[in-house]
Every structure is written in C-alpha cells, then in structure tokens.
Amino acid sequence: MIYILGSFLSLFLLFILWHKQKTKSDYILIIWLLVLTLDLFLYYFKKYNFFLNVLNVPFPLLHGPLLFLYTRSMLGISSKKIVLLLLFLPLIICFLGLSYLLVVEKLDEILFLNKTTSWGVVYFVFVLLSGFSSVGYSLRLISKYKSFQFSSNTQQNKLKWLRLLIFGIGITWCSILLNVSEITVAFLAVFVIALGYYGLVMTPYFLESQIGNSNFYRGNNASRKTDSVLLSKENENEIIQKLQQLTEKKLFLSPNFTQQFVAKKIKTNTAYLSYVVNKYYEQSFSSYLNDLRIKFIIDQIESNPKFREYTTQAIAESAGFKNADSFTISFKKKTGLTPFQYITETKAKIRKD
C-alpha cells in the first residue's frame, strides 16, 4: 500500500504546485511529480495488465534526467548539450529496444526485463547509469553554484531543497543494486513522502508565497499618503540612518526585504518609512528597492566574470527578485538594455580593453 500512498501524495503535491505562481523549474517539477505518480501507479497495477507492464518500463529512466533538468533550472546554470544527450541516451535506447521487442513479438522479454535475461541485464545497467550519472552531474552543478562569490538565505534554502532531492534519488538508486524491484519502488514511495514532508512542513516550498516582489509595480501609492504624515526631523534622520545600515549589509538581496520587513527592523511603521523614502529619495519604496538591487547587479556584471555567465533567472534571484520577467522590465527601464544585452556589451568592452 505504500506505493498507493506515495502515488496519491505525489498527486497532492502536484495539485498544490499547480496552483502557485510558477517558474520554469516549477513546470519541470510538475512533470517529475507526474512521472513519479504514474511510475508508482503502474508498478502497483502492472501485474494485472500486460499493457501497463510495458508502459512502466521507461519510467525509471526518466527520474535521473528530470532531476538534472530541475537542478539546472533552479540554479540557473547552463550546461553542455552533450550532457543532456548522455543523460537521455538510456531512455532513447530503451524506447528503441521496446519497439524492437514489440515488432518481433518477443513479449516475454519485456515481462522479464528485471530478470537475468540479456535484455534484463542491459536494462538494469541503463537504469543504474541513468540514475547515478544524473546524481553526479546534479552535484557538480551545486558545486559550481557554491563557487560563486555571493550567497543569501534564499539561495541556501534552495541548495538544501536540491540536496534533499539528489540525496533521495541517490539512496533510491543504491537500492537498485539489491536487484529487488519491490524494495526500489518502496524507496521511491518513501522518497515522495519525504519530499512532501520537507516541502510542506520543514521548509514549505510547495506553499511558498510569491508575494516577494508583488509590490514592485504598484506605482507611487506611498507618495499619496505622505501629505498627512507628521514626523520630526530627528526621527526622519534616524529612519534614514537605520535604512542605510540595512542597505550597507546588503539585506536588500533577500526577497523578504519588503516595506513591512524594513519598517519592523528599524522599529517604525510603513507610513513613516514610505514618507521618508519618498521625501529623501523622491521615489516610492518599491522603486528605491529596485534601484538598490539593479545597482548591485550592474556592479556584479562589471566586476565578476562568473556573474556574467548567469542566466537571467539566476541573476534576478541573486538580487532578491523572484520573477525574471519583472526583473528584465525593471532593468531595461533603468538601463535601456535587457540584462542579456547589458552583459553582451560589457563583455565586448572588456575584450577591447
């Protein structure tokens, strides 16, 4: 029954994830959860139907490549096309082998792919290669990501989440060495349960709020309230000083650096904070925050060669943005160029020098 439990939990996580604001990595995770659901479901019911048995064969070869794609997307790091080809090669060969067996009607070979037939041995080796190579390449991506010079709580949480996925799949694939499919699928079901517990309870990834940057483009509502705010010059200076202390520590790189967070941190309220920012910087708090983040990004692009290799999504997240599209709009509004265009021009200038 653990297979059914894992299958239904995977469906539940898929349902929750579908209803949150999604990024590219979320869509990959949705596909992976769907694959997990079908894999567990087909394994449980394949003994009752030959067609389900055939359908179940390719699924173990999907988990590794999807893990790698998800890790790559979450970290925003590019990879060589040859790596993707190598990871998907066992799946491609599996489909070709299945087609051959179906055409020549060696149906009994399919039924015993997990036994000691020649086809079974090849399938066993391919499953191991697919899983372990994907785990290895995913760990390399994390190692490459950690070598970058900046870090934040968001990025550390992201690494913890990815390590859980990689560790879980790694343990599951180690169980394959026992050559007992029931144990491996049980591990896969436990992996889904652990995924749900960690993603819902420990660090609520599946319930993560997407409001981190939702106040960036609401206009200058704050300025409309400033006329009614009465604040002494001394209090204004105190708020400005404390705000500068927070920015010097680069706390604005966190997606949680909202107006409410800052007001609480410097022991004032949002109305006073908004008033002071509008008065001294002649802009709303959201515009002020955008300028800080974009200035940081520009400095990194011009001084950090590794930063120039980031994807737009990775650059956005490094400065506290959660949405690459809104970041691109904001960046272009400030510089007149998209992040990609700015990086291209910067590289060209460096080569000339």
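Among the residues of segment 102-116, are any among the aliphatic types (A, V, I, L, M), outside the structural domain of SER254 (by TED's automatic domain parsing) and at pLDDT 85 or above? Give the steps one after another, and end with the answer.
Here is the first cut: in segment 102-116, the ones among the aliphatic types (A, V, I, L, M) are 102-104, 107, 110-111, 113.
So of that shortlist, the ones also outside the structural domain of SER254 (by TED's automatic domain parsing) come out as 102-104, 107, 110-111, 113.
Subset that is at pLDDT 85 or above: none.
Checking segment 102-116: not a single residue is among the aliphatic types (A, V, I, L, M), outside the structural domain of SER254 (by TED's automatic domain parsing) and at pLDDT 85 or above.
Going by the structure shown, is THR312 among the β-branched types (Val, Ile, Thr), within 21 Å of LEU75 (Cα to Cα), free of Cβ contacts under 8 Å to residues at least 24 places away in the same chain and assigned by TED's automatic domain parsing to the domain that holds LEU292?
Values: among the β-branched types (Val, Ile, Thr): yes; within 21 Å of LEU75 (Cα to Cα): yes; free of Cβ contacts under 8 Å to residues at least 24 places away in the same chain: no; assigned by TED's automatic domain parsing to the domain that holds LEU292: yes.
No, not satisfied.
Right, ILE315: in contact with a Pro (Cβ under 9 Å, 6 or more places away or on another chain) and loosely packed, with under 14 Cβ neighbours inside 10 Å or not? Spell out the reasoning first.
Values: in contact with a Pro (Cβ under 9 Å, 6 or more places away or on another chain): yes; loosely packed, with under 14 Cβ neighbours inside 10 Å: no.
In short, no.
Which count do you get for residues in segment 329-347 that are part of a helix (DSSP H, G or I), closer than 16 Å to GLN300 by Cα and not basic (Lys, Arg)?
10
Just a yes or no: is a residue in segment 218-238 closer than 30 Å to GLN156 by Cα, modelled with pLDDT under 50 and surrounded by fewer than 16 Cβ atoms within 10 Å (Cβ to Cβ)?
First, the residues of segment 218-238 that are closer than 30 Å to GLN156 by Cα: 218.
Now narrow it down to the ones that are modelled with pLDDT under 50: 218.
Checking which are surrounded by fewer than 16 Cβ atoms within 10 Å (Cβ to Cβ) leaves us with 218.
Yes, there is a match, as at least one residue in segment 218-238 is closer than 30 Å to GLN156 by Cα, modelled with pLDDT under 50 and surrounded by fewer than 16 Cβ atoms within 10 Å (Cβ to Cβ).
Only one of these conditions is not met by LYS347: (1) of a type outside the set (Gly, Ala, Ser); (2) over 23 Å from the mean Cα position of the chain (by Cα); (3) modelled with pLDDT under 90. Which number is it?
(3)
Being assigned to a loop (DSSP other than H, G, I, E, B) and among the hydrophobic types (A, V, I, L, M, F, W, C) is the filter; apply it to segment 253-277 and report the residue that is nearest to ILE239 (Cα to Cα). Give the derivation first.
The first filter runs over segment 253-277 and keeps only residues assigned to a loop (DSSP other than H, G, I, E, B), leaving 254-258, 266-269.
Subset that is among the hydrophobic types (A, V, I, L, M, F, W, C): 257, 266.
Details: PHE257: 16, ILE266: 7 Å.
The residue in question is ILE266.
For residues in segment 13-27 being surrounded by fewer than 20 Cβ atoms within 10 Å (Cβ to Cβ) and either out of contact with any helix residue (DSSP H, G or I) (no Cβ under 9 Å at 6 or more places or on another chain) or within 27 Å of ILE183 (Cα to Cα) (or both), which is modelled with the lowest pLDDT?
GLN21
Could you tell me which numbered condition SER326 fails, if it satisfies all but one of (1) in contact (Cβ under 8 Å) with a residue 60 or more places away in the chain; (2) buried (at least 20 other Cβ atoms within 10 Å of the Cβ)?
(2)
All but one of (1) assigned to a helix (DSSP H, G or I); (2) touching a residue at least 12 places away in the same chain (Cβ under 8 Å) hold for PHE321, so report the exception by its number.
(1)
The values are calculated or read from the model by the stated rules, or taken from the named source; none is laboratory data. Source: prediction; values computed, not measured. Cβ coordinates were reconstructed from backbone atoms using ideal geometry, including for glycine residues, and neighbour counts include every protein chain displayed.
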